[in-house]
Amino acid sequence: MPNTLLIGAQWGDEGKGKVVDVLSQDADVVVRYQGGSNAGHTIEIGRDRYVLHLVPSGILHPDKTCVIGNGLVVDPLALIQEIKDLAARGVRVDGRLHVSDRAQMVVAYHKMLDAARENRSPAGARIGTTQRGIGPAYADKAARLNLRMGDLLDGELEHSLADRVAEKNRALAELGAAPVDARQMLQDLSAAAEFLRPFIADTVTLLNEALKAGRSLLFEGAQGTMLDIDFGTYPYVTSSNPTCGGACAGSGVPARAIDRVVGVVKAYTTRVGEGPLPTELHDSVGERLRERGREFGATTGRPRRCGWFDAVVARYAAMINGVDFWAVTKLDVLDEVETIRIGVAYECDGRRYDTVPASIHLLERCRPVYEEFPGWMSATSNVTRFEDLPKQARAYVQRLCDLTGVPLGILSVGPQRASTFRIKI
Ligand code: GDP
Ligand code: IMO
Ligand code: MG
């Protein structure tokens with residue numbers, strides 16, 4: 001398989017985990033390059049349902065190598081829990097899961113600061129984070145104050161923590177939050193160091209050697225383009241670059257090694273957390289999408305906000321990431337919707353917008369211009385070929401591709417591995 005980058009083209013939860021699981025069949029190494037345990041990637045195989053947060057979604061194929069790249073912020077305790085949970089279900093990761101020694105660490109005070117800031121902000125100023133410590137850990141990375149996974153192994157942990165904890169406890173006190181227990185932190189991280197020692201590696205060299213040996217890489221983006229810290233709905237974003245540039249920065253692989261980009265989009269739109277969502281539905285149709293699509297956060301369990309497919313967003317994501325093919329997921333969720341809409345442009349103050357404006361205040365006031373489509377009102381979840389879909393469903397997917405200028409590569413009509421079919425890739 002050509003080296004493939006898979007990105008979310010909306011606000012996350014597009015079904016990336018499931019598509020990565022399917023594409024992993026043809027890859028040798030699956031690599032996460034950004035984010036942390038804010039991600040929740042779901043894979044359903046038969047009756048088994050797995051939700052992965054840090055471990056790449058290729059792990060369920062027993063012969064695949066999986067890499068947690070340098071661009072992530074890794075909570076060592078969450079990673080250990082995930083490895084143990086997988087082992088308890090018969091998924092062995094030893095010898096084939098590698099964590100970059102350059103990956104940044106999320107520790108207790110990051111999670112506490114994340115929670116304290118969110119809880120203290122007035123409703124309108126909240127981001128609605130997953131409270132996994134992502135923002136504070138990336139902030140420490142940029143400020144050159146953070147610990148990295150390799151630091152777990154250098155014997156300096158006690159000393160490294162001492163200065164940092166004092167400063168963080170001052171910040172926590174200012175937010176009215178309880179201090180972090182430094183002794184507990186040291187104890188937890190020392191135990192984590194011993195557990196994770198065999199997993200921590202120079203993944204930059206490992207990945208480049210794999211490339212040289214002709215092995216194929218599959219990059220698994222977390223979150224989505226509209227949550228990107230540069231291109232998303234800032235400040236209602238996450239603190240990393242899920243978009244294509246993040247793949248190089250977060251793995252140490254040269255840009256020219258990436259042969260193609262697959263964008264994952266839901267056949268409608270969801271968002272969890274605060275921030276604008278121009279095509280949001282506040283009515284019973286939105287509720288039906290939430291129920292039928294089981295739109296509840298895989299990490300936090302929060303209900304996801306639902307809306308129509310937004311072609312402005314998908315076009316913007318295709319442009320930024322250079323998307324070669326769409327993987328369209330959850331088409332089956334629209335099976336019983338009588339009239340379906342696609343947002344094709346925005347209107348604000350009498351002006352039409354065909355791309356996403358930078359100003360959050362402008363975007364908040366944008367109203368979508370819709371095209372309407374008759375629903376197909378029949379089940380698609382047993383379909384295995386594009387040609388066998390109802391005519392209206394084919395027309396809907398075709399229009400989605402035409403409006404975004406990207407061909408269809410993969411279509412998904414159910415949560416199972418088997419309900420995913422490839423059209424072009
Ligand atoms: P990710 O974060 O992009 O990996 O997506 P999530 O796992 O957070 O959310 C996607 C949800 O949709 C999961 O519960 C999947 O099992 C489910 N899912 C994926 N593809 C389909 C599909 O084609 N149809 C339906 N009904 N569910 C799907
Ligand atoms: P996957 O990989 C959906 C959202 C949060 C919040 C904002 C910032 O499963 O698609 P953070 O904790 O990152 O500081 O929160 O980003 N968010 C996600 N939404 N899917 C995700 O990941 C997300 N990861 C973060 O809800 O609005
Ligand atoms: Mg998710």
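The values are calculated or read from the model by the stated rules, or taken from the named source; none is laboratory data. Note that the structure is a prediction, hence the values are computed from the model and not measured. Note: ideal-geometry Cβ built from the backbone for every residue, glycine included; neighbour counts use all protein chains shown. In case anyone asks, the SASA skips ligands and DNA or RNA and just uses the protein heavy atoms, side chains included. Shrake-Rupley method; radii C 1.70, N 1.55, O 1.52, S 1.80 Å.
Assorted remarks:
- Considered as a group, the residues in region 40-87 that are in contact with a His (Cβ under 8 Å, 6 or more places away or on another chain) and within 20 Å of Asn208 (Cα to Cα) include one that is farthest from ligand 1 (Cβ to nearest atom), and that residue is Thr65.
- Selection of first residues in region 290-309 that are assigned to a helix (DSSP H, G or I) and of second residues that are more than 12 Å from ligand 3 (Cβ to nearest atom), restricted to Cβ pairs under 7 Å at least 6 apart or on distinct chains, gives the following pairs, ordered by first then second residue: Arg290/Pro303; Arg290/Cys306; Arg292/Val333.
- Matching residues in region 99-136 - criterion: being of a type in the set (A, V, I, L, M), over 22 Å from Glu194 (Cβ atoms) and at pLDDT 95 or above: Met112, Leu113, Ala115, Ala116, Ile127, Ile134
- With respect to the conditions (1) away from ligand 3 (no atom under 16 Å from the Cβ); (2) within 24 Å of the chain's Cα centre (by Cα), Thr329 falls short on a single one, namely (1).
- Every residue from region 194-209 that is of a type outside the set (A, V, I, L, M) and open to solvent by 30 Å² or more (accessible area, probe 1.4 Å): Glu194, Phe195, Arg197, Pro198, Asp202, Thr205, Asn208, Glu209
- Screening Gly36, Gly71 for residues that are within 16 Å of ligand 3 (Cβ to nearest atom) and either at pLDDT 95 or above or touching a Cys at 6+ places or on another chain (Cβ under 8 Å) (or both) leaves exactly one candidate, Gly36.
- Region 168-186, subset under 31 Å from the mean Cα position of the chain (by Cα) and assigned to a helix (DSSP H, G or I), residue nearest to Leu113 (Cα to Cα): Leu172
- Any hit, region 290-302, residues being farther than 23 Å from His41 by Cβ and either among the hydrophobic types (A, V, I, L, M, F, W, C) or loosely packed, with under 15 Cβ neighbours inside 10 Å (or both): no
- Selection count where residues are among the hydrophobic types (A, V, I, L, M, F, W, C), open to solvent by less than 20 Å² (accessible area, probe 1.4 Å) and over 13 Å from the mean Cα position of the chain (by Cα), scope region 210-249: 3
- Where Gln392 falls short, out of the listed (1) assigned to a helix (DSSP H, G or I); (2) surrounded by 14 or more Cβ atoms within 10 Å (Cβ to Cβ); (3) free of Cβ contacts under 8 Å to residues at least 24 places away in the same chain; (4) touching a Leu at 6+ places or on another chain (Cβ under 9 Å): (4)
- Taking the numbered list (1) open to solvent by 80 Å² or more (accessible area, probe 1.4 Å); (2) more than 20 Å from Ala116 (Cα to Cα) in turn, Leu157 passes all entries but (1).
- The residues of region 280-311 that are at positive phi and of a type in the set (Gly, Ala, Ser) amount to a single one, Gly301.
- Matching strands (runs of 3 or more DSSP E) fully within region 1-101 where at least 2 residues are more than 16 Å from ligand 2 (Cβ to nearest atom) and either open to solvent by 10 Å² or more (accessible area, probe 1.4 Å) or of a type outside the set (Val, Ile, Thr) (or both): 97-100
- Tabulated pairs, region 413-425, first within 16 Å of ligand 3 (Cβ to nearest atom), second part of a strand (DSSP E or B), C-beta under 7 angstrom, 6+ apart or interchain: Pro415/Glu44
- On the stretch given as region 139-154, residues that are over 17 Å from Val180 (Cβ atoms), open to solvent by less than 20 Å² (accessible area, probe 1.4 Å) and either within 16 Å of ligand 1 (Cβ to nearest atom) or in contact with a strand residue (DSSP E or B) (Cβ under 6 Å, 6 or more places away or on another chain) (or both) total 1.
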